[in-house]
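Colleague: Handing you a structure now.
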Amino acid sequence: MRVRLLVGCLSLALLVVSSVDAGDWPQFLGPQRNGISTETGLLDKWPGETPKQVWRVKGGVGHSGLAISDGKAVTTLQRGRGQELVVLDAKTGKELKAVVLGRQYRNAMGNGPRATPSVVDGTAYCLTGEGILAAVDLKAGKIAWQHNLIGEHGGQVAEYGMASSPLVVGDMVVVNAGAARATVAAYSTKSGKLAWTAGRGEAAGYSSPAALKIGGKTQVVSFVGSSAMGLDPTTGKQLWKYDYVTDYDCNIATPIALGDNVFLSAGENHGSALISLKKSGTVFDARPAWTSFGPSSAMRNEWQTSLLHDGHLYGFDNVGGAGPITHLNCVNIKTGQRIWQEKRFGKCNAIFADGKIWMSTFKGELVSGKVSPDGYVELGRATIMERMRQAPALSNGLLYLRDEAEIVCFDIRK
């Protein structure tokens with residue numbers, strides 16, 4: 001089913017950020033879904049063993065990150081009642097609401113929900129581990145609408161669980177479904193009605209779609225199980241496609257744009273590529289500007305999205321098939337050349353703000369450092385939680401992190 005929505009591309013671009021306050025972190029990887037914050041005035045040196053802790057509260061099981069919007073910290077987790085959307089006061093950590101989204105989800109690679117909610121105009125759009133897409137009215141604390149992506153589109157749950165963080169573009173919410181009748185699906189944010197689908201029969205993978213400006217217009221770029229594709233946000237029309245086959249459909253990192261190029265990376269010893277997109281009539285010709293595949297690749301992002309700053313990518317290069325060795329690399333995005341490497345840095349997730357990289361490690365550490373093409377200088381490192389997969393969230397100088405037991409907030413302002 002396809003419904004053509006009469007929204008101009010400029011309007012779409014504005015609507016993506018129209019309801020976002022300057023300090024909000026309303027979705028996976030922040031305002032622009034690239035892990036980059038514009039905040040300044042952050043710590044160059046920690047005041048003690050850790051930055052000042054503002055609060056710490058009990059959480060729950062799951063890999064979902066935190067979205068910060070309108071003074072609320074929102075995440076999905078698994079507790080006794082099942083998978084829940086939990087709303088906290090962002091300043092105090094006090095739990096304000098909890099909405100059950102579905103039964104408990106269990107998986108050998110970790111239980112509970114994987115996707116991070118997207119919060120727009122007081123509604124949180126979230127996806128459960130088994131693929132239930134729900135819109136939750138945060139004020140009322142009730143589900144406004146929901147869909148079972150797998151049941152409705154004839155698919156099956158991804159091997160490691162459904163992990164696509166919903167993307168709100170204009171009046172639609174887009175998610176990678178990986179089903180027989182819909183590789184990608186878009187729904188009306190207001191009514192919940194299906195707006196369009198794109199692709200058929202391709203696995204969802206574990207990446208989250210991004211709204212990227214290419215050729216002067218906004219596209220939805222979805223990195224699914226065995227390819228990346230650019231889609232018209234209003235109709236779902238496929239504008240380009242680039243095959244990207246990895247073992248176990250483990251495309252996890254979010255696509256990044258540099259001009260009319262898209263950077264893709266995957267672990268499992270696969271590698272990375274910069275895809276050049278050139279307009280050809282109403283579609284685009286997708287060809288690699290450079291590729292760097294195999295064991296000698298410049299960047300093999302496992303489940304982390306690299307950070308692009310001043311023409312350089314800073315990211316985590318995983319050695320082998322999901323092995324324990326991970327390096328921190330700096331790569332020139334225009335050439336694919338690796339500039340430097342911090343060997344055996346460890347599995348991490350990260351965001352970038354105020355000239356610094358803020359990392360949450362798989363071992364439960366908070367780490368901050370300065371990065372540039374000249375190298376890496378560490379500013380602080382401390383164990384603060386148990387094992388973390390989620391990237392930090394940053395809002396108004398407060399850094400939010402979670403593991404599978406707690407949620408914590410630190411003040412990282414100078």
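Colleague: Confirm whether ALA195 is assigned to a strand (DSSP E or B), over 20 Å from LEU66 (Cα atoms) and either in contact with a Ser or Thr (Cβ under 6 Å, 6 or more places away or on another chain) or not basic (Lys, Arg) (or both). Step through it out loud before you land on a result.
Modeller: Working: assigned to a strand (DSSP E or B): yes; over 20 Å from LEU66 (Cα atoms): yes; either in contact with a Ser or Thr (Cβ under 6 Å, 6 or more places away or on another chain) or not basic (Lys, Arg) (or both): yes.
So ALA195 fits the description; yes.
Colleague: Restricting to segment 327-354, name every residue that is closer than 21 Å to PRO51 by Cβ, of a type outside the set (A, V, I, L, M, F, W, C) and modelled with pLDDT of 95 or more. Talk me through it step by step, then tell me what you get.
Modeller: If we filter segment 327-354 for residues that are closer than 21 Å to PRO51 by Cβ, which is where we start, we get 328, 345-346, 348-354.
Now drop any that are not of a type outside the set (A, V, I, L, M, F, W, C), which leaves 346, 349, 354.
Residues satisfying the conditions are ASN349, ASP354.
Colleague: In addition: For segment 268-308, give me each residue that is surrounded by 14 or more Cβ atoms within 10 Å (Cβ to Cβ), farther than 30 Å from PHE345 by Cα and touching a residue at least 24 places away in the same chain (Cβ under 8 Å).
Modeller: Of everything in segment 268-308, those that are surrounded by 14 or more Cβ atoms within 10 Å (Cβ to Cβ), farther than 30 Å from PHE345 by Cα and touching a residue at least 24 places away in the same chain (Cβ under 8 Å) turn out to be LEU277, LYS279, VAL283, PHE284, ALA286.
Colleague: I'd like the residue in segment 302-325 that is modelled with pLDDT of 95 or more and more than 19 Å from the chain's Cα centre (by Cα) and, out of all such residues, is farthest from SER272 (Cα to Cα).
Modeller: ASP310
Colleague: Let me ask something else about it. Within segment 200-227, work out how many residues are assigned to a strand (DSSP E or B), polar (S, T, N, Q) and more than 19 Å from GLN27 (Cβ to Cβ). Quick ask: steps written out before the conclusion?
Modeller: The initial filter retains those residues of segment 200-227 that are assigned to a strand (DSSP E or B), namely 210-214, 217-223, 227.
Filter once more, keeping what is polar (S, T, N, Q): 218-219, 222, 227.
The next check asks that each one be more than 19 Å from GLN27 (Cβ to Cβ); those that pass are 227.
Residues flagged as assigned to a strand (DSSP E or B), polar (S, T, N, Q) and more than 19 Å from GLN27 (Cβ to Cβ) within segment 200-227 amount to 1.
Colleague: Still on this structure, please answer the following. Identify, please: which residue in segment 164-178 is outside any strand (DSSP E or B) and in contact with a strand residue (DSSP E or B) (Cβ under 8 Å, 6 or more places away or on another chain) and is, among those, surrounded by the fewest Cβ atoms within 10 Å (Cβ to Cβ)? Talk me through it step by step, then tell me what you get.
Modeller: Of segment 164-178, the ones outside any strand (DSSP E or B) are 164-166, 170-171.
Next cut, in contact with a strand residue (DSSP E or B) (Cβ under 8 Å, 6 or more places away or on another chain) only: 164-166, 171.
On the way: SER164: 30, SER165: 26, PRO166: 27, ASP171: 19.
Restricting to residues being outside any strand (DSSP E or B) and in contact with a strand residue (DSSP E or B) (Cβ under 8 Å, 6 or more places away or on another chain), the top hit is ASP171.
Colleague: Of all residues in segment 179-192, count the ones that are in a strand (DSSP E or B) and not aromatic (Phe, Trp, Tyr). Even if it seems obvious, please write down each step before you answer.
Modeller: Going through segment 179-192, the residues in a strand (DSSP E or B) turn out to be 179, 182-188.
Narrowing the set further to residues that are not aromatic (Phe, Trp, Tyr) leaves 179, 182-186, 188.
Of the residues in segment 179-192, 7 are in a strand (DSSP E or B) and not aromatic (Phe, Trp, Tyr).
Colleague: Tell me, which strands (runs of 3 or more DSSP E) wholly within segment 371-414 include 2 or more residues that are farther than 22 Å from PHE28 by Cα?
Modeller: On the way: elements: 375-383, 393-395, 398-402, 406-411.
So the answer is 375-383.
Colleague: Using the structure shown, decide if ILE252 is in a loop (DSSP other than H, G, I, E, B), within 26 Å of PHE352 (Cβ to Cβ) and hydrophobic (A, V, I, L, M, F, W, C). Before you say what the answer is, go through the steps one by one.
Modeller: Values: in a loop (DSSP other than H, G, I, E, B): yes; within 26 Å of PHE352 (Cβ to Cβ): yes; hydrophobic (A, V, I, L, M, F, W, C): yes.
For ILE252, the condition - in a loop (DSSP other than H, G, I, E, B), within 26 Å of PHE352 (Cβ to Cβ) and hydrophobic (A, V, I, L, M, F, W, C) - is met.
Colleague: Mind listing whichever residues of segment 233-243 are free of Cβ contacts under 8 Å to residues at least 60 places away in the same chain and either in a strand (DSSP E or B) or buried (at least 20 other Cβ atoms within 10 Å of the Cβ) (or both)? Walk me through how you get there before you give the answer.
Modeller: Our first condition is that a residue be free of Cβ contacts under 8 Å to residues at least 60 places away in the same chain; within segment 233-243, this holds for 237-243.
Correct list: GLN238, LEU239, TRP240, LYS241, TYR242, ASP243.
Colleague: Quick one: in segment 81-122, which of the residues that are assigned to a strand (DSSP E or B) and within 18 Å of the chain's Cα centre (by Cα) is farthest from GLY62 (Cα to Cα)?
Modeller: If we filter segment 81-122 for residues that are assigned to a strand (DSSP E or B), which is where we start, we get 82-89, 95-102, 118-120.
From what is left, the residues that are within 18 Å of the chain's Cα centre (by Cα) are 85, 118-120.
Numbers: LEU85: 11, SER118: 16, VAL119: 19, VAL120: 22 Å.
Among those that are assigned to a strand (DSSP E or B) and within 18 Å of the chain's Cα centre (by Cα), it is VAL120.
Colleague: On the given criteria, is GLY80 over 17 Å from VAL408 (Cα atoms), surrounded by fewer than 18 Cβ atoms within 10 Å (Cβ to Cβ), modelled with pLDDT under 95 and not hydrophobic (A, V, I, L, M, F, W, C)?
Modeller: Values: over 17 Å from VAL408 (Cα atoms): yes; surrounded by fewer than 18 Cβ atoms within 10 Å (Cβ to Cβ): yes; modelled with pLDDT under 95: yes; not hydrophobic (A, V, I, L, M, F, W, C): yes.
It is true that GLY80 is over 17 Å from VAL408 (Cα atoms), surrounded by fewer than 18 Cβ atoms within 10 Å (Cβ to Cβ), modelled with pLDDT under 95 and not hydrophobic (A, V, I, L, M, F, W, C).
Colleague: Could you list, in sequence order, the residues of segment 123-162 that are aliphatic (A, V, I, L, M), part of a strand (DSSP E or B) and surrounded by 22 or more Cβ atoms within 10 Å (Cβ to Cβ)?
Modeller: Selection gives ALA124, LEU127, ILE132, LEU133, ALA134, ALA135, VAL136.
Colleague: Which of the residues that make up segment 58-80 are part of a strand (DSSP E or B), under 20 Å from the mean Cα position of the chain (by Cα) and not small (Gly, Ala, Ser)?
Modeller: Looking only at segment 58-80, we keep the residues that are part of a strand (DSSP E or B), and these are 58, 61, 67-69, 72-79.
In the following step, the residues that additionally are under 20 Å from the mean Cα position of the chain (by Cα) were identified as 61, 67-69, 72-78.
Within segment 58-80, VAL61, ILE68, LYS72, VAL74, THR75, THR76, LEU77, GLN78 meet the criteria.
The values are calculated or read from the model by the stated rules, or taken from the named source; none is laboratory data. Quick caveat, the model's predicted, so the values are computed rather than measured. We place every Cβ from the backbone using ideal geometry, glycine too, and count neighbours over all the protein chains shown.
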